[in-house]
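Trainee: One structure follows; several queries about it will come next.
The values are calculated or read from the model by the stated rules, or taken from the named source; none is laboratory data. Since this is a predicted model, take the numbers as computed values, not measurements. Note that each Cβ is placed from the backbone with ideal geometry, even for glycine, and that neighbours are counted across all protein chains shown. Quick note on the areas: whole protein, heavy atoms, side chains included, nothing else; ligands and nucleic acids left out. Shrake-Rupley method; radii C 1.70, N 1.55, O 1.52, S 1.80 Å.
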Amino acid sequence: MDFFVGIKGKDFVLVCSDTSASHSIISIKQDEDKIVPIDSHKVFCIAGEAGDRVNFSEYVIANVKLYALRNGTELNTKSVANYTRGELATALRSSPYHCNLLLAGYDKETGPSLYWLDYLATLNRVNTGGTGYGSYFTLSLFDKMWHPELTLDEAVAMIDAGIAEVKKRLVVAPPHYIIKVIDKDGIRVVKTV
Amino acid sequence: MAESQYSFSLTTFSPSGKLVQIEYALNAVAAGATSLGISATDGVVIATEKKLPSALVDETTVQKIMTITPSIGVVYSGMGPDFRVLVRRARKTAQAYYQMYKEHIPVAQLVRETAAVMQEFTQTGGVRPFGVSLMMAGYDDNGPQLYQIDPSGSYFAWKASAIGKNMTNAKAFLEKRYSDEVGIEDAVHTALLTLKEGFEGQLSGSNIEVGVIGPDRSFKVLTEAEVNDYLQEVE
């Protein structure tokens with residue numbers, strides 16, 4: 001089961017994903033980067049049905065790029081979030097995409113934002129969010145530790161605590177994780193665990 | 001050339017490389033009442049003559065300047081009914097954009113989409129080009145903007161321009177008067193003076209229409225009383 005969490009800080013968004021790719025009982029690889037860049041300052045973390053994840057993310061990313069090419073200007077995070085939700089909603093009653101997503105982005109004018117979407121085309125703007133079994137263990141932990149002026153070090157500490165909890169209490173906890181930050185300078189890897 | 005069994009496009013090229021129907025459409029525009037627009041540092045103003053065919057027409061029901069979105073307004077010269085069709089389409093385009101992105105459509109994009117519609121009608125069978133030129137005024141993250149869209153589908157961004165009957169004189173007047181530092185209040189005065197140049201009779205709030213958008217990004221058509229106030233300042 002995919003593990004994704006996101007934390008919005010003062011002027012950044014931190015996202016963490018596990019890095020295992022498996023097919024039923026077989027582990028295919030343990031170093032799969034599932035945090036996908038949409039453009040220089042936005043990422044998708046998509047969990048769910050194998051084919052739908054990649055198909056849907058590539059479809060949205062292509063359309064975001066098309067908009068930028070056509071109009072000479074990039075979409076902001078809110079627009080991408082609402083557009084993605086719209087696509088999920090349109091497909092819902094015919095051939096739904098079975099994906100849960102986190103969208104993390106940084107806009108020059110409005111700063112960092114984190115959006116949580118699910119396969120029923122729910123959209124919420126959140127300070128902390130997660131998908132999968134792992135999120136059951138980490139969200140209440142984040143509730144206790146989050147505050148509006150969160151620094152990068154505090155956020156990394158939160159994620160470390162979350163990962164530790166998951167490893168301790170989840171029967172099939174993924175062994176390896178990657179943590180990325182999105183801020184005014186773009187997307188970069190903070191660390192791998 | 002147009003046999004009844006075939007629905008040729010009316011806009012087929014002439015030997016000299018012109019599309020004659022578009023030329024004629026531009027003539028329809030040039031016969032229409034004068035409209036103009038001025039882009040200022042902190043907003044845009046558009047204005048038009050509201051010349052009615054008879055004194056018996058109830059002028060309070062005639063609206064030549066229309067709002068497309070809360071931050072984009074438009075005025076025309078040419079055929080009124082054609083204008084109303086384009087306004088409907090533009091409003092729908094703007095709402096579809098909002099529904100998709102939950103953000104208001106940028107001015108330049110609405111202009112492009114509307115121009116694309118007008119171009120379609122120059123390359124489709126069984127239709128004729130729109131007999132209007134539009135002046136679209138809006139305020140978005142790129143600041144105040146003014147665009148002209150022609151029946152051919154070509155569009156231009158202007159600092160100040162005029163279309164319709166008196167456009168040559170009006171444009172010459174605007175060229176002399178326009179400056180890059182002009183604010184919205186001065187722009188309204190200049191617009192009224194420009195209209196006055198070619199106007200037969202006395203300007204008043206009931207025979208012209210003025211639309212303004214400022215930094216509040218809210219397009220407003222001025223009331224008759226407001227127009228009269230501005231006219232008094234200009235006299």
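Condition check ((1) open to solvent by less than 60 Å² (accessible area, probe 1.4 Å); (2) outside any strand (DSSP E or B); (3) closer than 21 Å to A:E154 by Cα) across all residues:
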residue: A:M1; (1), (2), (3): no, yes, no
residue: A:C16; (1), (2), (3): yes, no, yes
residue: A:E32; (1), (2), (3): yes, yes, no
residue: A:F44; (1), (2), (3): yes, no, no
residue: A:G51; (1), (2), (3): yes, yes, no
residue: A:S57; (1), (2), (3): yes, yes, no
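Trainee: Which number in (1) more than 16 Å from the chain's Cα centre (by Cα); (2) farther than 23 Å from A:F12 by Cα; (3) not polar (S, T, N, Q) marks the one condition that A:D185 misses?
Mentor: It fails just one condition, (2).
Trainee: Let me ask something additional. Just wondering, is there one or more residues in the stretch A:91-108 that are more than 26 Å from A:N55 (Cα to Cα) and either of a type in the set (K, R) or outside any helix (DSSP H, G or I) (or both)?
Mentor: The answer is yes, given that some residue of the stretch A:91-108 is more than 26 Å from A:N55 (Cα to Cα) and either of a type in the set (K, R) or outside any helix (DSSP H, G or I) (or both).
Trainee: While we're looking at this one, here's another question. Those residues that are more than 15 Å from A:Y115 (Cβ to Cβ) and at pLDDT 90 or above, I need them from the stretch A:40-52; list them, please.
Mentor: Listed by number, the residues that qualify are A:S40, A:D52.
Trainee: While we're here: Quick test for you: out of B:G201, B:G205, pick the one residue that is part of a loop (DSSP other than H, G, I, E, B) and loosely packed, with under 13 Cβ neighbours inside 10 Å.
Mentor: Selected residue: B:G201, the only one of B:G201, B:G205 that is part of a loop (DSSP other than H, G, I, E, B) and loosely packed, with under 13 Cβ neighbours inside 10 Å.
Trainee: If you don't mind, there's one more thing I want to ask. Any residue in the stretch A:63-78 that's within 11 Å of chain B (Cβ to nearest Cβ) and more than 20 Å from A:R125 (Cα to Cα): show its pairings with residues that are surrounded by 18 or more Cβ atoms within 10 Å (Cβ to Cβ) and among the hydrophobic types (A, V, I, L, M, F, W, C) at Cβ separation under 6 Å, as long as the two are six or more apart or on different chains.
Mentor: Here the result reads A:Y67/A:L75, each pair linking the stretch A:63-78 to a residue that is surrounded by 18 or more Cβ atoms within 10 Å (Cβ to Cβ) and among the hydrophobic types (A, V, I, L, M, F, W, C).
Trainee: Only one of these is touching a helix residue (DSSP H, G or I) at 6+ places or on another chain (Cβ under 8 Å), over 27 Å from B:I22 (Cβ atoms) and surrounded by fewer than 19 Cβ atoms within 10 Å (Cβ to Cβ): B:N169, B:N142. Name it.
Mentor: B:N142
Trainee: On to the next question. Which of (1) hydrophobic (A, V, I, L, M, F, W, C); (2) in contact with an Asp or Glu (Cβ under 7 Å, 6 or more places away or on another chain); (3) open to solvent by 70 Å² or more (accessible area, probe 1.4 Å) is the odd one out, the single condition A:I28 does not satisfy?
Mentor: (2)
Trainee: Within the stretch A:79-100, take every residue that is under 16 Å from the mean Cα position of the chain (by Cα) and open to solvent by 70 Å² or more (accessible area, probe 1.4 Å) and give me the one that is nearest to the other protein chains (Cβ to nearest Cβ).
Mentor: So, considering only residues that are under 16 Å from the mean Cα position of the chain (by Cα) and open to solvent by 70 Å² or more (accessible area, probe 1.4 Å), the one nearest to the other protein chains (Cβ to nearest Cβ) is A:R85.
Trainee: While we're looking at this one, here's another question. Being part of a loop (DSSP other than H, G, I, E, B) and within 12 Å of chain A (Cβ to nearest Cβ) is the filter here; which residues of the stretch B:95-127 pass it?
Mentor: Those that are part of a loop (DSSP other than H, G, I, E, B) and within 12 Å of chain A (Cβ to nearest Cβ): B:K102, B:E103, B:H104, B:I105, B:P106.
Trainee: Could you please give the count of residues in the stretch A:113-145 that are among the aromatic types (F, W, Y), touching a Ser or Thr at 6+ places or on another chain (Cβ under 8 Å) and part of a helix (DSSP H, G or I)?
Mentor: Number of matching residues: 1.
Trainee: What pairs come up if the first residue lies in the stretch B:37-54 and is assigned to a strand (DSSP E or B), the second is open to solvent by 50 Å² or more (accessible area, probe 1.4 Å), and their beta carbons are under 8 Å apart, counting only those six or more places apart or on different chains?
Mentor: B:G37/B:W158; B:I38/B:K159; B:I38/B:Y178; B:S39/B:W158; B:S39/B:K159; B:A40/B:D186; B:G43/B:P215
Trainee: Mind telling me which of the residues B:V62, B:V57, B:V74 ends up being away from chain A (no Cβ under 14 Å), modelled with pLDDT under 95 and touching a helix residue (DSSP H, G or I) at 6+ places or on another chain (Cβ under 9 Å)?
Mentor: B:V62
Trainee: If B:L86 meets every condition in (1) assigned to a helix (DSSP H, G or I); (2) open to solvent by 50 Å² or more (accessible area, probe 1.4 Å); (3) more than 14 Å from chain A (Cβ to nearest Cβ); (4) in contact (Cβ under 8 Å) with a residue 12 or more places away in the chain apart from one, which number is that one?
Mentor: (2)
Trainee: Does A:W116 qualify as being open to solvent by 20 Å² or more (accessible area, probe 1.4 Å) and closer than 24 Å to B:H104 by Cα? Show your work before the answer.
Mentor: Working: open to solvent by 20 Å² or more (accessible area, probe 1.4 Å): yes; closer than 24 Å to B:H104 by Cα: yes.
Taking the combined requirement at face value, the residue satisfies it.
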